[in-house]
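See below for the structure under consideration.
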Amino acid sequence: MGTKTMTATQALSDALIQEMDRDPMVYLAGEDLWGGGNGGVFGVTEAAYKRFGPERVKDTPISETAILGSAVGAAMAGLRPVVEIMFVDFIGVCFDELMNQAAKLRYMTGGKVRIPLVVRACDGAGFSAAAQHSQSLEALFAHIPGLKTVIPSTPADAKGLLAAAIRDDNPVVFLEHKTLYAMEGEVPEGEYVLPLGKAEIKRPGTDVTIVTWSAMVHRALAAAEQLAGEGVAAEVIDLRSLVPLDRKAILESVAKTHRLVIVHEAVGTAGFGAEVAALVAHEGFDLLDAPICRVTAPDSPVPFSPVLEGAYIPSAEKIRDAVMSLN
């Protein structure tokens with residue numbers, strides 16, 4: 001299988017077309033998916049619309065409740081909807097459809113009903129989009145039994161994980177960080193699928209484990225490069241999906257390094273990093289030679305000011321300092 005340099009936008013588009021070609025039951029729905037030829041806010045669905053037209057790429061009214069509610073019904077009827085909620089911050093409008101319907105129906109029917117539904121949404125800060133368009137809400141979805149939560153950090157992972165999410169018979173929340181869309185990387189051409197629940201070691205190391213996901217993977221890798229210059233070999237693990245969670249990869253890494261730093265852009269209180277910390281404290285406490293450390297955003301709405309937003313998002317320097325603070 002060859003590779004091609006793509007942006008994450010192109011890689012996600014590739015995955016959508018791959019799965020729509022493969023399965024006629026897959027369709028797309030959301031606001032402005034082709035209105036004006038934009039293909040959504042970040043252009044992900046433009047190529048799919050040009051290929052499949054309005055029959056399978058549905059431009060919807062401005063109603064997240066209608067978008068997700070209709071998708072739940074379509075999934076129950078045997079289709080495979082991939083719906084776009086323009087910004088993850090808008091998920092509150094349709095949270096009942098997600099939390100009480102999509103997440104619960106397979107359980108409440110004793111497995112007789114499948115809900116093969118993907119909810120795509122962009123998240124994260126970095127564009128001065130202010131507090132209502134910049135949140136990282138992955139912990140909300142990970143807390144709801146019945147939902148899977150997938151969150152790639154590279155173009156290749158975006159393609160492979162989105163394909164897997166579309167093929168899954170359960171509802172999947174698929175989160176795409178805004179800063180990822182323009183990022184370039186080598187992406188496998190042709191059919192490409194990655195398993196959900198399999199973390200990846202982005203950089204091997206022996207002195208400390210840094211567990212992270214989404215855009216923070218790249219901040220962690222930058223911090224690891226700084227640390228290497230100071231004689232510290234940091235292992236960077238990209239979870240790639242929070243539910244299912246690759247517990248084995250986390251524990252095996254901590255068994256090797258004996259130190260753990262968890263990094264995420266979401267606020268610290270009740271963030272998913274606490275779940276990772278609890279896992280290691282419960283199942284790997286004897287492996288640790290230092291306290292577990294978390295590097296997160298402060299418990300504050302995301303600032304609009306570029307300077308304040310830059311201070312809000314965890315930096316490579318903050319990650320480096322956290323590692324160096326461990327005894």
- Query: Within the chain, how many lysine pairs that are 8 or more places apart, or on different chains, have C-alpha atoms less than 14 Å apart?
  - Reply: 7
- Compare GLU200, GLU55, GLU138 in a GNM of the chain, Cα atoms joined below 10 Å, and give the one with the largest fluctuation. GLU55
- Note on the structure: By the C-alpha gyration tensor axes a ≥ b ≥ c (rounded if a/c is under 1.5, else prolate when a/b exceeds b/c, else oblate), the shape of the stretch 3-188 is rounded
- Message: What's the magnitude of the charge dipole for the chain around its Cα centre, counting Lys and Arg as +1 and Asp and Glu as -1 at the beta-carbon? Answer in Debye, nearest 20.
- Response: 620
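Would you mind classifying the chain by shape? Square roots of the alpha carbon gyration tensor eigenvalues, ordered a ≥ b ≥ c; an a/c under 1.5 is rounded, otherwise it is prolate if a/b is larger than b/c and oblate if not.
The shape class here is prolate.
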- Cα gyration tensor shape of the stretch 261-327, rounded if a/c is under 1.5, else prolate or oblate by comparing a/b with b/c: oblate
- Connecting every pair of Cα atoms under 10 Å apart in the chain and solving the GNM, the largest mean-square fluctuation among ALA130, ALA11, ALA48 falls on ALA130
- Query: Suppose R0 equals 30 Å; then what is the FRET efficiency for ALA290 and ALA228 from their Cβ-Cβ distance, rounded to the nearest 0.05?
  - Reply: 0.95
- Please list 96-104, 228-236 highest first by mean number of surrounding beta-carbon atoms within 10 Å per residue. 96-104, 228-236
- Note on the structure: Taking GLU275, GLU189, GLU31 and counting other beta carbon atoms within 10 angstrom, the fewest-first order is GLU189, GLU275, GLU31
- Note on the structure: When HIS133, HIS282, HIS143, HIS177 are arranged by how many other beta-carbons sit within 10 Å of their Cβ, fewest first, they go HIS282, HIS143, HIS133, HIS177
- Using all Cα-Cα distances in the stretch 234-287, what percent lands in each 10 angstrom bin from 0 up to the longest? 23, 60, 17
- Task: Mind telling me which of SER315, SER153, SER63 comes out most flexible in a GNM of the chain, alpha-carbon contacts under 10 Å?
- Result: SER63
- Query: Among the trypsin sites (Lys or Arg not before Pro) within the stretch 106-167, which fall in a DSSP loop and have no more than 12 other Cβ atoms within 10 Å of their own Cβ?
  - Reply: LYS112
- Based on other C-beta atoms within 10 Å, arrange THR269, THR45 from fewest to most. THR269, THR45
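Bear in mind that the values in this text are calculations on the coordinates, not laboratory data. Here the structure is a predicted model, which is why all the values come from computation and not from measurement. Note that each Cβ is placed from the backbone with ideal geometry, even for glycine, and that neighbours are counted across all protein chains shown.
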